[in-house]
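Scroll down for the structure; my scribbles are underneath it.
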Amino acid sequence: MDFRFSEEEEAFRREVQQFLRESLPADWPGPVGMFHEEAVEEIFQMGVEMRRKMAARGWIGISWPKEYGGGGEPIMKQMILEEELNYRSAPGYDQYSMILAGPLILQFGTEEQKKRFIIPITRGEERWSIGMSEPNAGSDLAALETRAVEEDDCFVLNGQKTWQSGANHADWCMVYARTDPNVAKHKGITCFLVSLRSPGVTIRKLEQMGGLSILNEVFYDNVKVPKENVLGKVNGGWNVAVSSLSSERTFGVLLINACRQDMEQLVRYCRETYVNGQPLARDPIVRNKLGEMAIEIEVGHTMAWKLNWLVAAGRPIVIEGSQCRLYGTALAQRVTNVGMQILGLYGQLDEDSKWTVLRGRMMHSYLLASAAGIWSGTSEMSKNTIANFGLGLPRG
Ligand SMILES: Cc1cc2nc3c(=O)[nH]c(=O)nc-3n(C[C@H](O)[C@H](O)[C@H](O)COP(=O)(O)OP(=O)(O)OC[C@H]3O[C@@H](n4cnc5c(N)ncnc54)[C@H](O)[C@@H]3O)c2cc1C
């Protein structure tokens, strides 16, 4: 088995690393400033600038077809790009557009939709969010209640979505709504491409643990969606949703990359910090815990690239995606837990404190890791998938 990347891939990785060294502040700790409302705006603007630079290099949609503004390059390059951006916690790489909306529009969209929606993503001009979850429909997505009723040349949308990541900064949303209430639950759903600037759309921010402000409730009150904005077939939304959830499983890869950066910072801290005249790195308990984490991260990194390789080969990822998703979540929780133990009380301080360490990154990662077991399908649902499809067990 040969795990190496090709010369061209390695050269591309070096190019991305160089770009990130030039574009990010040297001590960039990731978007930890999102604990503060003012910093969120600053980081958002930084993201706009990063997208502009990446678009100029043809990196947004680097593996998408050229006729829709993509780079037409092998998908491996996109994965290397994602890994490096993620590892440095670079702002501006819009995962909801890149991993979900863009690929789904390419897969299910009409020619007009591809031209209208993909090109602005590749230029870094438009951002997407995903509107699946509702107050009464999360794991059981087919229970969704948002209604879309056909009227002349449009569908009229009414309902409420919740937990919409990034909707406050997005332009568009993939909204799943019930178009036929008289058939089996999953057969009467349609996916719509909805402008979040449409009359009747109200976006309300949700308070989040730790102050992150990316989650929103979105209300649709008689919102008119043109018929040409149906993605896939009317009442065929379940297929789009299944494809979307399958892609979301690759979010495990993102978590594993973030762990690698958390770990690197932790090791640096242990080398540089002295307790009672001794470097923390000499403490046997600290060394023991870091050693354990290093092994788990290596296992995760290998799983992540196996998953990437399956995606690149166009193979199904239902089982491996769930495994990686589950492992990534547990890994993030373990690494950040170890981090918080090593940093002790300093770990609880955010960027504002003069006593803060690692600019508050560990606390940010720790809080985020607890949410990781919920978003894009809960850990329990991933275990169900592995039990059903991986082990062939009957449904519980
Ligand atoms: C940070 C974050 C970002 C998110 N971003 C988005 C987004 O952009 N767009 C969007 O649409 N949604 C988003 N979500 C919502 C997310 O997809 C849902 O929260 C998730 O699917 C769970 O749904 P729920 O919250 O309704 O919990 P429920 O489905 O009510 O589950 C409650 C508990 O019961 C368990 N459970 C439920 N059914 C089963 C079962 N069959 N077997 C075993 N256990 C079960 C769950 O695992 C969970 O522990 C986000 C959530 C978070 C936390």
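Using a 1.4 angstrom probe on heavy atoms only, work out the carbon and sulfur share of the accessible area of the chain in %. It would help to have the intermediate numbers written out before the result.
Numbers: 10070 of 19060 Å².
Summing carbon and sulfur atoms, their accessible area is 53 percent of the total for the chain.
Search the structure for amide H atoms under 5 Å from the amide H of Leu231, placed 1.01 Å from N in the peptide plane, and list their residues when 5 or more places away or on another chain.
Here Cys191, Phe192, Leu193 satisfy the definition.
Calculate, for the chain, the solvent-accessible area per residue in square angstrom, rolling a 1.4 angstrom probe over the heavy atoms of the protein chains. Let's see the in-between values first.
Numbers: 19060 Å² over 396 residues.
Computed with neighbouring chains in place, this is 48 Å² per residue.
Please report, for the Cα atoms of the chain, the Rg to one decimal and the Dmax as a whole number; what are they, in angstrom?
Answer for the chain, Rg first and Dmax second: 21.6, 77 Å.
Just report the Cα centroid separation between the range 296-353 and the range 1-19, whole Å.
Between the Cα centre of the range 296-353 and that of the range 1-19, the gap is 22 Å.
What is the gain in length, in nm to one decimal, between Glu207 and Ala294 on full extension, counting 0.36 nm per residue of separation less the C-alpha to C-alpha distance? Please report the intermediate quantities before stating the final value.
On the way: separation 87, 0.36 × 87 = 31.32 nm, distance 3.42 nm.
Length difference between fully extended and current span is 27.9 nm.
Mind checking the angle between helix 251-272 and the chain's longest principal axis? C-alpha axes, 0 to 90 degrees, to the nearest 10.
On a 0 to 90 degree scale, this one is about 20.
Sorted from largest down, what three extents in whole angstroms do the Cα atoms of the range 251-318 have along their principal axes?
Its Cα atoms span 55, 16, 13 Å along the three principal axes.
If the elastic network links every pair of Cα atoms under 10 Å, which of Thr273, Thr162, Thr336 fluctuates the most in the Gaussian network model of the chain?
Per the Cα network of the chain with a 10 Å cutoff, Thr273 tops the list.
Need one number: nm distance between label points at Gln341 and Val267, each 7 Å from Cα along Cα→Cβ, rounded to one decimal.
1.9 nm
When averaged across all projection directions, what area in nm² does the alpha-carbon convex hull of the range 7-93 cover? Please report the intermediate quantities before stating the final value.
Values: hull surface 23.2 nm².
With the hull built on Cα positions only, its mean projection is 5.8 nm².
Whole number please: convex hull volume per residue of the Cα set in the range 101-159, in Å³? Could the numbers behind the result be given before it?
On the way: hull volume 7.4 nm³, N = 59.
Taking the convex hull of the Cα positions in the range 101-159, it is 125 Å³ per residue.
So what is log10(I(q)/I(0)) for the range 249-390 at q = 0.12, 0.19 1/Å, when the Debye sum runs over its Cα atoms only?
-0.52, -1.04
Which whole-percent values make up P(r) of the range 49-163 when all C-alpha to C-alpha distances are grouped in 10 Å steps starting at zero?
All Cα pairs considered, the percentages come to 13, 36, 29, 19, 3.
Step by step: find N for the range 162-266, compute 2.2 N^0.38 Å, then divide the Cα radius of gyration by it. What's the final number? Could you put the intermediate results ahead of the total?
Working: Rg = 16.9 Å, N = 105, 2.2 N^0.38 = 12.9 Å.
My calculation over the Cα atoms of the range 162-266 gives 1.31.
What distance in nm separates the simple spin-label points at Val149 and Glu7, each placed 7 Å from Cα in the Cβ direction?
About 6.6 nm, to one decimal.
What whole-number distance in Å separates the alpha-carbon centres of the range 101-159 and the range 62-81?
Spelled out, the Cα-based centre of one part sits 22 Å from the other.
The values are calculated or read from the model by the stated rules, or taken from the named source; none is laboratory data. All values reported here derive from a predicted model rather than from experimental measurement. Glycine also receives a Cβ, built like all others from the backbone with ideal geometry; neighbour counts cover every protein chain displayed. In case anyone asks, the SASA skips ligands and DNA or RNA and just uses the protein heavy atoms, side chains included. Shrake-Rupley method; radii C 1.70, N 1.55, O 1.52, S 1.80 Å.
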